[in-house]
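Below is one structure, written out as structure tokens, with a few remarks after it.
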Amino acid sequence: MSKLKNKVAVITGGNSGIGFGIALEFKNQGAVGAIVGRTQKTLDSSIAQLGENFIAIRADVTKQADLERVFKETSEKFGKIDIVVANAGGAATGATLGSVADIGEADYDKTMDLNLKSVYFTVHKALPYLNDGSSIILIGSIAGHRAYPSLSLYGAAKAAVITFARGFSLDLLNRKIRVNVLSPGTVETPVFGKFIPEPQIESVKKWWVDGIPLGRIGQPSDIAKTAVYLASDDSSFTLGTEIVVDGGAINLTPVK
């Protein structure tokens with residue numbers, strides 16, 4: 001299990017959910033590197049599981065000075081950076097969810113800063129520290145393809161992230177840096193508890209499962225295995241594209 005042996009990775013939002021799942025699979029495949037998050041408690045618990053070959057950096061990806069520090073510290077610790085996973089983001093940002101009739105400028109800015117602007121500047125700040133031939137993985141969402149209630153802003157941000165993968169790849173051809181986007185469907189993460197009352201969580205999950213042809217919610221490991229492919233030399237001919245990992249949700253209609 002060494003597809004990523006001697007590779008150094010930075011995973012934003014790597015302290016929980018999909019990001020931690022990616023970090024754990026990277027570790028299992030031989031990678032070392034840094035996980036980045038805003039909450040010290042989850043950083044500590046995650047790094048305890050990842051072991052001594054990973055470091056935890058507390059940082060806010062919406063702050064450019066923090067991003068600069070992330071890549072500087074990782075490069076100083078490991079001597080290079082080969083992989084960046086721009087995973088930090090999500091619909092549960094502290095911003096109010098709702099329709100275009102309800103969401104004002106402050107909540108608009110919160111959602112876009114975390115899910116779009118931070119992705120751009122994660123890549124921008126990483127570039128001086130990245131090796132030529134590196135892999136950048138952006139985390140999109142099926143919300144970038146399909147409208148969901150109260151998620152217009154989030155979906156728009158993720159649609160733009162999908163476009164970033166193509167544009168960045170063209171921008172970076174001279175350095176042979178590959179940029180791709182991995183778009184998950186519904187995944188089992190702590191996010192459900194952040195904006196859904198506890199008594200309603202299971203019924204909400206069932207609502208999502210009813211729209212997934214494979215009949216189950218995804219696991220972080222489902223996303224992580226695809227991230228390993230995009231980070232490794234196995235995907236050396238994969239550039240500027242999107243891989244959707246959603247159990248068939250956006251392309252197939254479940255048969256009832």
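No value in this document is a laboratory result; all are computed from the given coordinates. This one's a predicted model, so the numbers in the text were calculated from it and none came from an experiment. Ideal geometry is used to build each Cβ from the backbone, glycine not excepted, and the neighbour counts take in all protein chains shown.
With each label modelled as a point 7 angstrom along the Cα→C-beta vector, the THR96-SER236 pair spans 5.3 nm.
With the simple model of a label 7 Å out from the Cα in the direction of the Cβ, ARG146 to GLU202 spans 2.5 nm.
Take the cross-link list LYS3/LYS77; LYS27/LYS77; LYS72/LYS125 and give me the ones stretching past 18 Å between alpha-carbons. The pairs that break the limit, which is 18 Å between Cα atoms, are LYS3/LYS77. Straight-distance candidates among the aspartates and glutamates for linking to LYS7, with alpha-carbon spacing under 12 Å and chain neighbours fewer than 8 residues away dropped: ASP82, ASP233.
Partner lysines whose Cα lies under 19 Å from the Cα of LYS41, excluding those fewer than 8 positions away in the same chain, are identified as LYS194. Extension gain, LYS41-LYS63: 0.36 nm per intervening residue step, less the Cα-Cα distance, totals 5.9 nm.
Spin-label model, ASP210 to GLN49: label points 7 Å out along the Cα-to-beta-carbon direction sit 3.1 nm apart. Computed on the Cα trace of the chain, the radius of gyration divided by the Kirkwood hydrodynamic radius gives Rg/Rh = 0.95. Placing +1 on each Lys and Arg Cβ and -1 on each Asp and Glu Cβ, with no other charges, gives the chain a dipole about its Cα centre of roughly 400 debye.
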